[in-house]
Amino acid sequence: MSASETPAGPATFEFTADNLALAQRIIAKYPEGRQASAVMPLLDLAQRQHDNWLPRAAMDYVAGMLGMAPIRVYEVASFYTMYNLKPVGKHFVQVCTTTPCWLRGSDEVLAACKRKLGIGPGETTADGQFTVVEVECAGACVNAPVIALNDIYYEDLDGPSTEALLDTLIRGETPKPGPQNGRINSAPIGGPTTLIEMAQRNGVKPASQE
C-alpha cells in the first residue's frame, strides 16, 4: 500500500473511551501472544468510529495496539473488501451482483441506482450522501436481488422498489428493512405451502388460500 493509495485523513487516531474498552475485551478473547488475531474486529471497530472508512492513522493505531508491523495491518485492510480505504457516503449502498442476484435482476437494481443517484459502482454523490459499490454474495440468495445498506439488508428488489428505497433515504426517512415485495422473511413468496396448520396458528395465510 503506497501513500498515494490512501487519502491523508487525520494525522492521529485513537479509540473513544467506549471503543477502547470494547477493543480491550476483544483482545482478551485471544491467548497471550496471539493478540494479532484481533486485527480484523479492531479494524472494523475503527472503521465504524471513523465515518465508515479507515485512514492510515487508524491502521497504524491498531498496529501499535496489537504489536504488529503496520504493513501487516495494511495487508489485511487492503485484502478484505469489508474495509473502506477512502471516504464513503453516509448511505453505503452495497449491491450484490453474484450469480443468484444477477439471475434475479441485480442489473436492474444497479441501473435504478444510476437513474436515481447519477452515479455508478465505486462512485459517491457530490453531496457525500451516497456511495454505490458492487459486492460479492451478500449471503441472502433466497431473497435476491439484495442491497446491504450499511449493516441493514433490503431484499427482493427490482428497479422500481430500489428507486422507492432510495427516495425514502433522500427524504431523510428510514425504510423498512427486509423483503420489499411483501414476502415474510425468507418464506415462499405466496405464503407457506406446507405445515399449513402451524402457519394458521401463527396468523400466516397459506398460499392455497390466496
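Among the residues of segment 153-189, those identified as open to solvent by 50 Å² or more (accessible area, probe 1.4 Å) and under 18 Å from the mean Cα position of the chain (by Cα) are TYR153, THR174, LYS176, PRO177, GLN180. Has segment 15-34 got at least one residue that is closer than 15 Å to LYS86 by Cα and outside the structural domain of GLN129 (by the TED database)? No, the conditions are met nowhere in segment 15-34. Does GLU75 fit the bill of being outside any loop (DSSP other than H, G, I, E, B), open to solvent by 60 Å² or more (accessible area, probe 1.4 Å) and not assigned by the TED database to the domain that holds CYS113? Yes: the conditions hold for GLU75. Residues in segment 99-152 that are closer than 19 Å to PRO177 by Cβ, open to solvent by 30 Å² or more (accessible area, probe 1.4 Å) and without any contact (Cβ under 8 Å) to a residue 40 or more places away in the chain: GLY139, ASP151, ILE152.
Among the conditions (1) under 19 Å from GLY105 (Cβ atoms); (2) outside any loop (DSSP other than H, G, I, E, B), LEU169 misses just one, which is (1).
The values are calculated or read from the model by the stated rules, or taken from the named source; none is laboratory data. In this text, all values refer to a predicted model and were calculated from it rather than measured experimentally. Counting neighbours? That spans all protein chains shown, and the Cβs are built from the backbone with ideal geometry, glycine included. With ligands, DNA and RNA removed, areas are computed over all heavy atoms of the protein, side chains included. Shrake-Rupley method; radii C 1.70, N 1.55, O 1.52, S 1.80 Å.
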